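Chemist: A single structure is presented below for examination.
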Amino acid sequence: MGYTIALGGKGGTGKTTIAGLLIRYMLRHGMKPILAVDSDSNSNLNEVLGVPLAATLSDARETMKTSVPVGMTKDVFMELKLEESLVESHGFDLIAMGRPEGPGCYCAANNLLSSLLERLMNNYEYLVVDNEAGME
């Protein structure tokens, strides 16, 4: 992994817009491959980037609770679902965390995101993270 850029701050300050513009800038200047991470529960970085978002890490977590096929371990099922959550585009890929388990609880989604990033990080020169709004 080469470079990491993480955007944080209060809600409504333009983090997602800046992340999208930054990624577009980087692509125009040959700075790729980029892994874009939407770690906001209100996932919309995909809209700024103009790519469809079929699933989030939270969707994968929820699906695992009820739909693991017979004969498949939860670990293998989650790996499959996590890979399905990765949106591939020209010069960048996108992964979105999605909604928390309950009011304010991001434990499982954060753990899924962390483990996925550990596996994927070596495949990208750049990481751009659009974070959840903070309480600064």
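Chemist: Lysine pairs, Cα distance under 28 Å, 8 or more residues apart or cross-chain: how many in the chain?
Modeler: Numbers: LYS15/LYS32; LYS15/LYS81; LYS32/LYS81; LYS65/LYS74; LYS65/LYS81.
Qualifying lysine pairs in the chain: 5.
Chemist: What accessible area per residue, rounded to a whole number of Å², is obtained for the chain using a probe radius of 1.4 Å? Mind showing how you got there, number by number?
Modeler: Numbers: 7490 Å² over 136 residues.
Here the residues of the chain average 55 Å² of exposed surface.
Chemist: Over the heavy atoms of SER67, what accessible area does a 1.4 Å probe trace out, to the nearest 10 Å²?
Modeler: Near enough 60 Å² of accessible area.
Chemist: What angle do you read, to the nearest 10 degrees and between 0 and 90, between the alpha-carbon axis of helix 15-28 and the longest principal axis of the chain?
Modeler: With both axes taken from Cα atoms, the answer is about 70 degrees.
Chemist: Once the dipole of the chain is set up with Lys and Arg at +1 and Asp and Glu at -1 on Cβ about the Cα centre, which of ASN44, SER114, THR63 lies farthest towards its positive end?
Modeler: Towards the positive end, the residue furthest out is ASN44.
Chemist: Dividing the Cα radius of gyration by the Kirkwood radius, what Rg/Rh value follows for the range 1-70? Show your work: numbers first, answer last.
Modeler: Numbers: Rg = 14.9 Å, Rh = 14.1 Å.
Reported Rg/Rh, Kirkwood definition of Rh: 1.06.
Chemist: If you don't mind, there's one more thing I want to ask. Per DSSP H run of at least 4 residues, take -39500 (n - 2.57); add these up for the chain, divide by its residues and hand me the 222 nm value, nearest 500 deg cm²/dmol.
Modeler: Values: 5 runs with 56 residues, N = 136.
Rounded to the nearest 500, the figure is -12500 deg cm²/dmol.
Chemist: Treat the range 46-97 as a sphere of radius equal to its Kirkwood radius over Cα pairs and apply Stokes-Einstein at 20 °C in a medium of 1.002 mPa s; give the translational diffusion coefficient in µm²/s, rounded to a whole number. All intermediate terms of the calculation are to be shown ahead of the outcome.
Modeler: On the way: Rh = 11.8 Å.
In µm²/s, the coefficient rounds to 182.
Chemist: Translational diffusion coefficient, Stokes-Einstein: compute it for the chain using the Kirkwood radius over C-alpha pairs as Rh, at 20 °C and 1.002 mPa s, and state it as an integer in µm² s⁻¹. It would help to have the intermediate numbers written out before the result.
Modeler: On the way: Rh = 15.3 Å.
Rounded, D is 140 µm²/s.
Chemist: Considering only protein heavy atoms, with the full assembly of protein chains and a 1.4 angstrom probe, order ARG99, ARG28 by accessible area, largest first. Let's see the in-between values first.
Modeler: Details: ARG99 145, ARG28 175 Å².
Order by accessible area, largest first: ARG28, ARG99.
Chemist: Carbon and sulfur atoms: what percent of the 1.4 Å accessible area of the chain do they account for? Don't skip to the answer; put the middle values down first.
Modeler: Numbers: 4000 of 7490 Å².
Carbon plus sulfur share of accessible area: 53 percent.
Chemist: How would HIS90, HIS29 rank on accessible area, largest to smallest, probe 1.4 Å? Write down the numbers at each step before the final one.
Modeler: Details: HIS90 165, HIS29 110 Å².
The ranking, largest first, comes out as HIS90, HIS29.
Chemist: Assign unit charges at the C-beta atoms only (+1 for Lys and Arg, -1 for Asp and Glu), then state the dipole size of the chain relative to its Cα centre in Debye, rounded to the nearest 20. Spell out each step's value before the answer.
Modeler: Working: 11 positive and 17 negative charges, 35 e Å.
In total the dipole reaches around 180 debye.
The values are calculated or read from the model by the stated rules, or taken from the named source; none is laboratory data. Worth saying up front: this structure is predicted, and the values here are computed from it rather than measured. So basically every Cβ, Gly included, is an ideal-geometry build from the backbone, and we count neighbours across all protein chains shown. Keep in mind that these areas ignore ligands, DNA and RNA; they rest on the heavy atoms of the full protein, side chains included. Shrake-Rupley method; radii C 1.70, N 1.55, O 1.52, S 1.80 Å.
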